[in-house]
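Nothing in this text is a laboratory measurement; each read-out follows from the coordinates by a stated rule. Values in this document were obtained by computation on a predicted structure and should not be read as measured data. Note: ideal-geometry Cβ built from the backbone for every residue, glycine included; neighbour counts use all protein chains shown.
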Amino acid sequence: MTATAALAAVLDDLAAVVDSLTDTQYADSAIPGVSGSVGGHVRHCLDHVRALERAIDSGVVDYDARERDTLVEIDRTLAWSLLLSARRRVVAVPVSVLARPVVVRTRMHASMAAAEVLSSLEREVSFVIAHTIHHCATIAVLAGVTPERLPERFGLAPSTPDGVVRPACAP
């Protein structure tokens, strides 16, 4: 499996979960102490995929250049559509492009200017996969979805052994 196919699989699972939620589960933030709504986390994940896509042409990945408080945070149908669209674009990226060097622009602390570090597009795809999986785990908790209603490895890192029993996600 290629890195882009792995990212596409994560986006497929996220789209399936978004599709299974009610509009209220998607848009509301109902758990004290847990930041954001499902929609906010989905938007954040889509922003990271867009940062990868922009890097294909520009050679620069800037995860800090994000849109906030957008319609995708409250419109579950739009989010589902954007996830599937992102998935189609990701799988269309030629494998040869993944070896391209990129510059990652990021702020490491609020008091610091953005730093620029060298990477490759494939390394950044691997980061976006891990980042999205992390947010998927939070999404499951926020949505109150029980483990048996989730895709098999939703919110679990690839290094997590098969058969690990997830705790109940309902608050």
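Among the GluC sites (Glu not before Pro) in the stretch 33-87, those placed in a DSSP loop whose Cβ has at most 16 other Cβ atoms within 10 Å are Glu67. Restriction of the trypsin sites (Lys or Arg not before Pro) in the stretch 87-130 to DSSP coil positions whose beta-carbon has at most 13 other beta-carbons within 10 angstrom yields Arg107.
Ordering Leu11, Val61, Pro161 by Cα displacement along the dipole of the chain toward the positive end leaves Val61 in first place; charges were set at the Cβ atoms of Lys, Arg (+1) and Asp, Glu (-1). Can you give the angle from 0 to 90° between the axis of helix 76-91 and the longest principal axis of the chain, with both taken from C-alpha atoms, to the nearest 10? Between the helix axis and the principal axis of the chain, the angle is about 40 degrees. The angle between the Cα long axis of helix 121-143 and the main principal axis of the chain comes to about 20°, on a 0 to 90 degree scale.
Exposure proxy shown here: for Asp62, Asp57, Asp12, the number of other Cβ atoms within 10 Å sets the order, fewest to most, as Asp57, Asp12, Asp62. Calculated mean residue ellipticity at 222 nm for the chain: -16000 deg cm²/dmol, from DSSP H runs with n ≥ 4 weighted as -39500 (n - 2.57), summed, divided by the residue count and rounded to 500. Taken along the Cα-to-beta-carbon direction at a fixed 7 Å, the label points for Ser85 and Met108 span 3.6 nm. Summing charges over neighbours of Ala9, with a neighbour being any other residue whose Cβ is under 12 Å away from its Cβ, gives -1 when K and R count +1 and D and E count -1. Considering only Val91, Ile133, Tyr26, the residue lying farthest towards the positive end of the dipole of the chain is Val91, judged by Cα position with unit charges set on Cβ.
Using Cβ point charges alone (K and R +1, D and E -1), the dipole size of the stretch 3-149 about the Cα centre works out to roughly 300 debye.
Checking every one of the GluC sites (Glu not before Pro) in the stretch 81-170 against DSSP loop status and a limit of 13 other Cβ atoms within 10 Å picks out Glu152. If eta is 0.890 mPa s and T is 25 °C, what Stokes-Einstein diffusion coefficient results for the stretch 3-149, Kirkwood Rh from Cα pairs, in µm²/s? Translational D for this selection: 155 µm²/s.
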